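Below is one structure, written out as structure tokens, with a few remarks after it.
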Amino acid sequence: MLKMILRRLAGAIPNIVGVVIVTFLLTRALPGDPAAYFAGPSATTEAIEQIRAQLGLDKSLPHQFVLYLKELASGDLGNSLSTGQPVLAEIRTRLPASLELTLCGLVLACVTAIPLGVLAATRPGSWIDHLCRMLATAGVSLPTFFTGLLLAYVCYFLLGISPSPVGRLDVSFPAPATVTGLYLVDSLIARDMETFRAAAAQLILPAATLGLFVMAPLMRMTRASMLGVLSSDFIRTARASGLSGTKVLYTYAFRNALLPIVTTLGMVFSFLLGSNVLVEKVFAWPGIGSYVIEALVSSDYAPVQGFVLTMALVYVMLNLAIDVMYGVIDPRVGIEG
Amino acid sequence: MNAEAPLLSVKDYSLEFRTRSGTVHALEDVSIEVARGETVGIVGESGSGKSVLSFGILRILDAAADVRAGAISFAGMDMLAAKESALQQVRGREIAMIFQNPRTALNPIRKIGRQIEDVLRTHTSTLQADLKKKAIECLAQVRITDPERRYSAYPFELSGGQCQRVMIALALACNPSLLIADEPTTGLDVTTQAAIMELVSELARERSMATILITHDLALASEYCDRIVVMHAGHVVESAPTARLFERPRHPYTARLIASTPSPEVEIDSLASIPGNLPDLRRNDLPKCRFHARCDRAVAQCTVGPLPEATFEPGHRVRCFNPLAYTAP
Ligand SMILES: Nc1ncnc2c1ncn2[C@@H]1O[C@H](COP(=O)(O)OP(=O)(O)OP(=O)(O)O)[C@@H](O)[C@H]1O
Ligand SMILES: [Mg+2]
């Protein structure tokens, strides 16, 4: 098992190198001149050239690349031009924010969509099946910024049951001491239940917004997968052996239906992590998506490169995690292979 | 148990499937009886409803199935009125089943030993600590080599024949009084087929267990069965003791089946195939006799009136308008 993980990690190195090269080239090909952008609209040509030299942009591409690699090797992702902050530090605080949001959204989606999908599969054509389909269609057809605004409007403005939907934590709370960067976990580690509750209260609306969006594919996949498994021969064997309904449904059917569900989960997760910009914007969530969008708009290379690199690493880890899960669920998937 | 009270009796059982493309009249007025310890063969070509009948007996049909009429009683229990919880007690403990395709009939991601344990745990009071030992015993009984090691094998690591042995171990784990073997040897090579059949019949004899052997191979049925029931397109057309059926088949379809069965005395070339196919069971105007269109003894009256049932001798029943006649010897 450990050998397989190490081998897979080694196998990912060429991919990472490729990502480094491609992002470097792509960011250089972006439209817009960062030197001009930062010099400001009233700057003279000399001033712009001076800034260009400062940024190292007057050197040849290969030269720039070597400089970039050198910095990368020393763990330096450069500084953001617009904020002046080191990119690494920004990503370190923003990636956990996005991770926390996405994970919670996925957990919410899982605990609703999977049982509903199973229920729909055991009673195809029933009212519960139709209800599930309706819910799923609604969830996926409403844009996330709309559901987000709606939830914020109803829960904060109308009902007043949730705190002001801005950021990860109400201003009256200090952020918990950073261990993982996930506020829920960190506040638990610090045994600070009040901060935990406050962080959870901030998290619930954006997480629900994401969850609603993800429910549809997850529910549909669960239903289809369960239907397929329930009509297979070995389920008939299990029933003919007199096993109880729950045993047949969970130990026999559900475990077999899990593989495609896990695949969907992995896909949805990697998709969401970098692309829930709209949700982050609506809830002023200091996530990585909104960070990179701002950087892109101002032709700020370093954060974009840092972002793409981080995402590539996250995907490698995620795929590894999914493969390990496959191996645990299905003995036919050779762990060593 | 006296002759009047069979272990299993299916009476005038009719069953339909509601599908998008219409109603499938899968079984009509099916009656069969199985006495304790007896081996009964159900023979018929593909699609004649053999599997559906066995699923109907165990009540494991899918939701599209609709029982229209009939009664099924097993050891005095009304199977059609029984509640699901009562049925679960019967399945696997009193009536067990072996399936057509051993490879897909086992859970692919559960160790075979665990699958046997699941059945033991459901039906017996075996202690948790003894379950593994008992499961290995079950595997040993079906003569799987090295049962201790096989206990933790997954179905994909076994050959088709071994999977079928595991299936048999699973079915016989709780000593059922009736075993339904649905084409237990299809998809296996000839030597394995013979070995599996020997195993089943030997274990059945040992435990004086009644067996329903479902097959489309009349020769196979004649070798192992006391009695044979011939099915065609959802009807039981003839049932008789094995020797009797081969000696004096009364239904034209049975006669055809016998003529098309290879045996040492018959040359391969002289084997007659049966013309035509099963009628489409989705038709709503199915003729009373569903063999009518393929039959060379059809007479005008075959399409009108209810299908008659004639008893030629105790235990030899035929459903035909124009059965074969034999002159007294
Ligand atoms: N779930 C179902 N829905 C609709 N029709 C069905 C269903 N199951 C079986 N049938 C129909 O019932 C008829 C009998 O099928 P069955 O599987 O019992 O045949 P069989 O005698 O076992 O054949 P084989 O030798 O191929 O196993 C077929 O016409 C089949 O199409
Ligand atoms: Mg069949």
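The values are calculated or read from the model by the stated rules, or taken from the named source; none is laboratory data. The structure presented is a predicted model; accordingly, all values stated were derived computationally and were not measured. With ideal geometry, Cβ positions are generated from the backbone for all residues, glycine too; neighbour counts draw on all protein chains shown. The accessibility values were calculated without ligands, DNA or RNA, using every heavy atom of the protein model including side chains. Shrake-Rupley method; radii C 1.70, N 1.55, O 1.52, S 1.80 Å.
Here is how the numbers come out for the structure above:
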{"read-out": "Residue identified as within 16 Å of ligand 1 (Cβ to nearest atom) and open to solvent by less than 50 Å² (accessible area, probe 1.4 Å) among B:Ala69, B:Ala65", "value": "B:Ala65"}
{"read-out": "Only one of A:Ala238, A:Ala207 that is aliphatic (A, V, I, L, M) and touching a Leu at 6+ places or on another chain (Cβ under 9 Å)", "value": "A:Ala207"}
{"read-out": "Residue count for segment B:130-155, restricted to those that are among the hydrophobic types (A, V, I, L, M, F, W, C) and more than 21 Å from A:Leu243 (Cβ to Cβ)", "value": "2"}
{"read-out": "Cross-chain or 6+ apart pairs with Cβ under 6 Å, segment B:40-53 first and within 14 Å of B:Leu220 (Cβ to Cβ), then more than 9 Å from ligand 2 (Cβ to nearest atom) and among the charged types (D, E, K, R)", "value": "B:Val40/B:Arg227"}
{"read-out": "Selection within segment A:32-64 - in contact (Cβ under 8 Å) with a residue 24 or more places away in the chain and either outside any helix (DSSP H, G or I) or open to solvent by 50 Å² or more (accessible area, probe 1.4 Å) (or both)", "value": "A:Gly32, A:Asp33, A:Tyr37, A:Phe38, A:Leu55, A:Leu61"}
{"read-out": "Every residue from segment A:249-271 that is open to solvent by less than 40 Å² (accessible area, probe 1.4 Å), of a type in the set (Phe, Trp, Tyr) and away from chain B (no Cβ under 13 Å)", "value": "A:Phe269"}
{"read-out": "Condition broken by B:Ser48, with the remaining ones in (1) open to solvent by 30 Å² or more (accessible area, probe 1.4 Å); (2) within 16 Å of ligand 2 (Cβ to nearest atom) satisfied", "value": "(1)"}
{"read-out": "Single condition B:Gln100 does not satisfy, out of (1) within 16 Å of ligand 1 (Cβ to nearest atom); (2) within 14 Å of chain A (Cβ to nearest Cβ); (3) of a type in the set (S, T, N, Q); (4) buried (at least 21 other Cβ atoms within 10 Å of the Cβ)", "value": "(4)"}
{"read-out": "Hits in segment B:109-137 (condition: buried (at least 17 other Cβ atoms within 10 Å of the Cβ) and in contact with a Pro (Cβ under 9 Å, 6 or more places away or on another chain))", "value": "B:Ile109, B:Arg110, B:Lys111, B:Ile112, B:Gly113, B:Gln115, B:Ala135, B:Ile136"}
{"read-out": "Within segment B:171-280, helices (runs of 4 or more DSSP H) holding 2 or more residues that are open to solvent by 50 Å² or more (accessible area, probe 1.4 Å) and either within 16 Å of ligand 1 (Cβ to nearest atom) or out of contact with any Gly (no Cβ under 6 Å at 6 or more places or on another chain) (or both)", "value": "B:190-206, B:242-247"}
{"read-out": "Criterion: acidic (Asp, Glu) and within 14 Å of chain B (Cβ to nearest Cβ) - qualifying residue of A:Asp323, A:Asp330, A:Asp300", "value": "A:Asp330"}
{"read-out": "Residues of segment A:179-207 classified as under 22 Å from the mean Cα position of the chain (by Cα), within 26 Å of A:Leu278 (Cα to Cα) and open to solvent by 30 Å² or more (accessible area, probe 1.4 Å), total", "value": "9"}
{"read-out": "Tally, over segment B:16-39, of residues that are without any contact (Cβ under 8 Å) to a residue 60 or more places away in the chain and within 16 Å of ligand 2 (Cβ to nearest atom)", "value": "1"}
{"read-out": "Matching option when the condition is out of contact with any helix residue (DSSP H, G or I) (no Cβ under 8 Å at 6 or more places or on another chain), open to solvent by less than 80 Å² (accessible area, probe 1.4 Å) and not β-branched (Val, Ile, Thr), among A:Gly125, A:Gly148, A:Gly117", "value": "A:Gly125"}
